[in-house]
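The values are calculated or read from the model by the stated rules, or taken from the named source; none is laboratory data. These numbers were taken from a predicted model, which means no experiment stands behind them. Glycine gets a Cβ as well: all are built from the backbone with ideal geometry, and neighbour counts include every protein chain shown.
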Amino acid sequence: MDANSLTPKARPARLSATDPGITDPVFSVRGLNLHYGSAQALHGVHMDIPRHCVTALIGPSGCGKSTLIRCFNRMNDLVENVRIEGLITFDGRPIDDPLLDVSELRRQVGMVFQKSNPFPKSIYENVAYGPRIHGISRRADLDAIVERSLRSAALWDETKDRLNDNATGLSGGQQQRLCIARALAVDPEVILLDEPCSALDPISTARVEELIQELKGRYTLIIVTHSMQQASRVSDYTAFLYLGRLVEYGPTEQLFLNPMCRQTEDYITGRFG
Amino acid sequence: MARSEATRSKRRPMLELCNMALAICILLVVGLVTLISVEGLRAFWPNRVELVECHDGRKFFGELKDEKPIRGADGRETAGVELRYRTCNRDLGGDGFVWVREDNIVRRSEPAELQWMERSAWGPLLVRFKALQRGTEVLEQDAAKLPTALEALLHTKNDERAELRRMEEERLAPLNDRLEALRLREVKAARSAPALPTELAVERAQMGALHAELLEQVRVRRVRHDSETLLVEDAAGHTKAVVISSILGFHAPNQLGQWERLGLHAARMWEFLSAQPRESNTEGGVFPAIFGTVLMVFLMTLVVVPLGVVSAVWLKEYARQGVLTRLVRICVNNLAGTPSIVFGVFGLGFFVYVLGGQIDSLFYSDALPTPTFGTGGVLWASLTLALLTLPVVIVAVEEGLAAVPRAVREGSLALGATRFETIRRVVLPASLPAILTGTILAIGRAAGEVAPLMVVGMVKLAPDLAVDGTAPFLHAERKFMHLGFHIYDVGFQSPDVEATKPLVFATTLLLIVLVLLLNIVAIRLRNKARRRYAGTGF
């Protein structure tokens, strides 16, 4: 055992292993504990999400990264017997504020899931779904939104001639990009990506990663991934979670090249996990 | 290798048994459909007719229906053959059907001039034509020219009949309606003042005069309509003068070629499908019964599908899964197994007496004590059947809802849709195939149901269809006819059961075809929906 690796390595930009010193965060997580019934899934998570950056959440299976990302748009509300303590603010406002409309929160914080889940409708209707439920009904407006969203998701060229075809006829990668387009259509600030590439082949994965790079100037992205290569390729900041605790959080390059904690180093070098 | 041989030989008998059971099922179904199809289609075939002369002096015209060996006293089939003829001519002293022993017959022949005649009363005649008369004046006596002359006269009679019907429907019926309205006004006026207002009395007198004049016109036309007669003669030489206007059609069965026979067969089938029944349902068509069945099933579907879908959505999507929902589910499943007559009695007690009675006392109190909605009708029958088929729909839709993946729901919720929007825009469309499956099952069940309908509005003979040209077009309070009950009524309640036996098969065939058609429509819709949602994994 290398005793040296246990001691934090001092970095001027980082205040501690879990505080990269982010100013103007989109989300601030303070003392977040989450219980599924009697099992605790998150333990006192403190975390600031930087604006217009890509933040990756990594960690072994069951470490709570999916649970954490689902806190940001309150998808955990749908799970029975869930108990959440602590505070999450979105642009300075607590997301569990009883006055806050959860529909509006979810419009601003879009989500793309692990398995692509297009609605059993046409490609057009899939993208137009979000705008429709938020009250846009003029055909011309919808057409413009659909085109813009599909272009942003780099899917327009492949689908412009078959917008009325069933979305389930698309390939897996196309379906996942359609889900991204669907999330973009409601004009969100944040997009949560929960292992978006885990079911895709390498080429489709590369396309989605390119897309993430293109989107990050305009949107804040949070991505859960199992692939450390992917985290290092696409993200600006990376958080490592282990057993429901935030172990280390910092700029991606630093975290991968000079991890402060032993557990992080072991995980990213493949010694466990 | 040896082991797999052993297991196979052990499995064999089981497999054989399954095969056998399946084969028996298929045979039963094929047998049923074949029997009903053959018997049903044969009912309209114009057979040849014979003149039969017997040793005991009997002479009759008849259509050979049946042959069976006679059993002797010792039970053996040695005593010869007995033939059964349909002889018709009930009002000429005939029996309708005759059994005759083969050894009693002197001669059987097929005279070409025999005529088969359909009438609006008394059943068919099987006779020779003698003369065409108006009063005592003979119009035509030449046997060769008689059929042509009769044909021409029947055309005139048809026109006259149409005109009479027009008079009754377009002039007499509205006048009757106005008279009824006037009566109600008189009743109302009598309640407030002892003496009748003069304007009502004047109106009553005017309308009475109009009514009498119209009745007289109709009467004159009727006398003219019924003035011609056809003199006919049966094999034994009995004659009868048949009023021409009562003749619906005639043909000479022994002169027909195969194509003419086929054409007549088709024409008779069409009449069966499209015409009103005659002579307490033993003759004519079954159109009102077809219409009643379809309308009832249609109304039932309109009620049961939304109700079933809403119930299933509540049970599956909204209700907290606990003791209460479990209890509701048990109740729903028990409802599916309840004998249908129980639903009928409930429909009578609740819909007809309570709801219908309330509606009558609120909106139709003038017509009381004659009930409007407070008696069986197609609306109450549809509602009763909707209750009966509700469990089927609920169970099918619940399964459909359960099959919509959680990921798709979350996708919608994550876009900011509420739970209701998610259900309405994503979950329900995706469960459309299951909803249609429920509908198919409900239709299948409802179209064949007879028992509960007998107490909530189904009748042997409904004078008017429930849909017609007068506002509000759908008269949901009217009684209706139903194919299922028609089968029972024709087969077992008619005065001449033997003569109507073919009609029983024909009606049964029709009921099967109708259920099949309704199902095909629903199945096609479902397949279309399935194709639309194909490839989503559910």
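State whether the residues of segment B:194-203 include one that is more than 24 Å from B:Asp464 (Cβ to Cβ), of a type in the set (A, V, I, L, M, F, W, C) and outside any helix (DSSP H, G or I). So far as segment B:194-203 goes, yes, one or more of its residues are more than 24 Å from B:Asp464 (Cβ to Cβ), of a type in the set (A, V, I, L, M, F, W, C) and outside any helix (DSSP H, G or I). Within the option set B:Thr418, B:Thr375, being away from chain A (no Cβ under 14 Å) and either surrounded by fewer than 22 Cβ atoms within 10 Å (Cβ to Cβ) or at pLDDT below 90 (or both) holds for one residue only, B:Thr375. Where helices (runs of 4 or more DSSP H) fall entirely within segment A:62-172, none has at least 2 residues that are surrounded by 16 or more Cβ atoms within 10 Å (Cβ to Cβ), more than 23 Å from the chain's Cα centre (by Cα) and at positive phi.
When the residues of segment B:437-484 are filtered to those that are touching a strand residue (DSSP E or B) at 6+ places or on another chain (Cβ under 8 Å) and buried (at least 23 other Cβ atoms within 10 Å of the Cβ), the one that is farthest from B:Pro288 (Cα to Cα) is B:Gly457.
Considering the conditions (1) more than 8 Å from chain A (Cβ to nearest Cβ); (2) over 39 Å from the mean Cα position of the chain (by Cα), B:Glu410 is excluded by exactly one of them, (1).
Just to check your reading of the model, which residue among A:Asp97, A:Asp91, A:Asp101 is at the interface with chain B (Cβ under 9 Å from one of its Cβ atoms) and modelled with pLDDT under 90? None of the others qualify; the one that does is A:Asp101.
Can you tell me which residue among A:Val247, A:Val208, A:Val234 is modelled with pLDDT of 85 or more and within 25 Å of A:Val146 (Cβ to Cβ)?
On the way: A:Val247 fails: within 25 Å of A:Val146 (Cβ to Cβ); A:Val234 fails: within 25 Å of A:Val146 (Cβ to Cβ).
Selected residue: A:Val208, the only one of A:Val247, A:Val208, A:Val234 that is modelled with pLDDT of 85 or more and within 25 Å of A:Val146 (Cβ to Cβ).
Wholly within segment B:85-191, which strands (runs of 3 or more DSSP E) include no fewer than the required count, namely at least 3 residues that are within 30 Å of B:His55 (Cβ to Cβ) and not β-branched (Val, Ile, Thr)? Those strands (runs of 3 or more DSSP E) span B:96-101, B:105-109, B:115-119, B:125-134. Check whether at least one residue in segment A:173-188 is of a type in the set (S, T, N, Q) and either under 22 Å from A:Asp24 (Cα atoms) or outside any helix (DSSP H, G or I) (or both), and report yes or no. The answer is no; no qualifying residue exists.
Residues of segment A:111-132 being in contact (Cβ under 8 Å) with a residue 60 or more places away in the chain and facing chain B (nearest Cβ under 7 Å), which ones? Give the steps one after another, and end with the answer.
Filtering segment A:111-132 down to residues in contact (Cβ under 8 Å) with a residue 60 or more places away in the chain leaves A:111-118.
Matches in segment A:111-132: A:Met111, A:Phe113, A:Lys115, A:Asn117.
Being under 10 Å from the mean Cα position of the chain (by Cα), on the phi < 0 side of the Ramachandran plot and not acidic (Asp, Glu) narrows it down to one of B:Leu517, B:Leu511, so name that one. Even if it seems obvious, please write down each step before you answer.
On the way: B:Leu517 fails: under 10 Å from the mean Cα position of the chain (by Cα).
The unique qualifying residue is B:Leu511.
Looking across segment A:218-266 at every residue that is outside any helix (DSSP H, G or I) and of a type in the set (D, E, K, R), the one that is nearest to A:Gln108 (Cα to Cα) is identified as A:Arg218.
Quick check: anything in segment B:389-407 out of contact with any helix residue (DSSP H, G or I) (no Cβ under 6 Å at 6 or more places or on another chain), over 30 Å from B:Arg185 (Cα atoms), of a type in the set (Val, Ile, Thr) and assigned by TED's automatic domain parsing to the domain that holds B:Gly448? Yes, there is a match, as at least one residue in segment B:389-407 is out of contact with any helix residue (DSSP H, G or I) (no Cβ under 6 Å at 6 or more places or on another chain), over 30 Å from B:Arg185 (Cα atoms), of a type in the set (Val, Ile, Thr) and assigned by TED's automatic domain parsing to the domain that holds B:Gly448.
Among the residues of segment A:133-147, count how many are at the interface with chain B (Cβ under 8 Å from one of its Cβ atoms) and among the polar types (S, T, N, Q).
Taking segment A:133-147 first, the residues at the interface with chain B (Cβ under 8 Å from one of its Cβ atoms) are A:133-134.
Now restrict to residues that are among the polar types (S, T, N, Q): none.
Number of matching residues: 0.
Please work out if B:Ala430 is within 22 Å of B:Ala319 (Cα to Cα), of a type in the set (A, V, I, L, M) and within 12 Å of chain A (Cβ to nearest Cβ). Quick ask: steps written out before the conclusion?
Values: within 22 Å of B:Ala319 (Cα to Cα): yes; of a type in the set (A, V, I, L, M): yes; within 12 Å of chain A (Cβ to nearest Cβ): yes.
Yes: the conditions hold for B:Ala430.
The set of residues in segment B:243-294 being surrounded by 15 or more Cβ atoms within 10 Å (Cβ to Cβ), without any contact (Cβ under 8 Å) to a residue 40 or more places away in the chain, part of a helix (DSSP H, G or I) and of a type in the set (A, V, I, L, M, F, W, C) consists of B:Phe287 alone. Of the helices (runs of 4 or more DSSP H) lying entirely inside segment B:377-496, those containing at least 3 residues that are closer than 29 Å to B:Gly40 by Cα are B:378-402, B:432-447, B:483-492.
Against the definition (assigned by TED's automatic domain parsing to the domain that holds B:Gly356, free of Cβ contacts under 8 Å to residues at least 40 places away in the same chain and of a type in the set (Phe, Trp, Tyr)), how does B:Phe373 come out, yes or no? First the steps, then the outcome.
Numbers: assigned by TED's automatic domain parsing to the domain that holds B:Gly356: yes; free of Cβ contacts under 8 Å to residues at least 40 places away in the same chain: no; of a type in the set (Phe, Trp, Tyr): yes.
For B:Phe373, the condition - assigned by TED's automatic domain parsing to the domain that holds B:Gly356, free of Cβ contacts under 8 Å to residues at least 40 places away in the same chain and of a type in the set (Phe, Trp, Tyr) - is not met.
The set of residues in segment A:245-262 being more than 17 Å from A:Thr55 (Cβ to Cβ) and crowded, with 22+ Cβ neighbours inside 10 Å consists of A:Met260 alone. Here is the figure for segment A:29-69: residues that are within 14 Å of chain B (Cβ to nearest Cβ) and closer than 16 Å to A:Thr220 by Cβ total 1. Can we say B:Ser494 is surrounded by 23 or more Cβ atoms within 10 Å (Cβ to Cβ) and assigned by TED's automatic domain parsing to the domain that holds B:Ile341? Taking the combined requirement at face value, the residue does not satisfy it.
For (1) of a type outside the set (Val, Ile, Thr); (2) more than 30 Å from the chain's Cα centre (by Cα), each residue gets a yes or a no:
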{"position": "B:Val29", "(1), (2)": "no, no"}
{"position": "B:Leu35", "(1), (2)": "yes, no"}
{"position": "B:Val38", "(1), (2)": "no, no"}
{"position": "B:Leu41", "(1), (2)": "yes, no"}
{"position": "B:Asn47", "(1), (2)": "yes, no"}
{"position": "B:Val52", "(1), (2)": "no, yes"}
{"position": "B:Lys68", "(1), (2)": "yes, yes"}
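Close Cβ contacts (under 6 Å, 6 or more residues apart or on different chains) running from residues in segment A:62-74 that are touching a residue at least 24 places away in the same chain (Cβ under 8 Å) to residues that are of a type in the set (S, T, N, Q) comprise A:Arg70/A:Asn76.
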